[in-house]
Amino acid sequence: MTEFTRLRLLDTQIDMAERTARVVQSKAVRLKLAMIALAVSVLLTGIGLGVD
């Protein structure tokens, strides 16, 4: 394997890792938003049951 091939392979691996990190980060943000929405819905349900 030539030096050029090794460097090209390394660059490709770095690019793949960066793309994967961005995907994971966006999923984490969506998960946090979903958890906040769930917590708000539980709170509102509890308030609604208390009013009745």
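Brief remarks on what is shown
- Each of T12 and K27 was given a label point 7 Å from its Cα along the Cα-to-Cβ line. The distance between the two points is 2.3 nm.
- Prolate/oblate/rounded call for the chain, Cα gyration tensor, a/c under 1.5 rounded: prolate
- Label point distance in nm, L49-T2, each placed 7 Å from Cα along Cα→Cβ: 7.0
- Karplus 3J(HN,Hα) series, Hz, for the stretch 16-26 with 6.51 cos²θ - 1.76 cosθ + 1.60 (x for Gly, Pro): 5, 5, 5, 5, 5, 4, 5, 5, 5, 5, 5
- The phi-based Karplus calculation (6.51 cos²θ - 1.76 cosθ + 1.60; θ = phi - 60°) puts the 3J(HN,Hα) values of the stretch 45-51 at 5, x, 5, x, 6, x, 6 Hz, whole numbers, x for Gly and Pro.
- Computed FRET value (nearest 0.05) for T20 with V40, which takes r as the C-beta separation and R₀ as 22 Å: 0.10
Each reported figure results from applying straightforward, stated rules to the coordinates on display, with no laboratory input. Just so we're clear, the structure is a prediction, and the values are computed from it rather than from any experiment. No Cβ is skipped: glycine too gets one built from the backbone with ideal geometry, and neighbour counts run over all protein chains shown.
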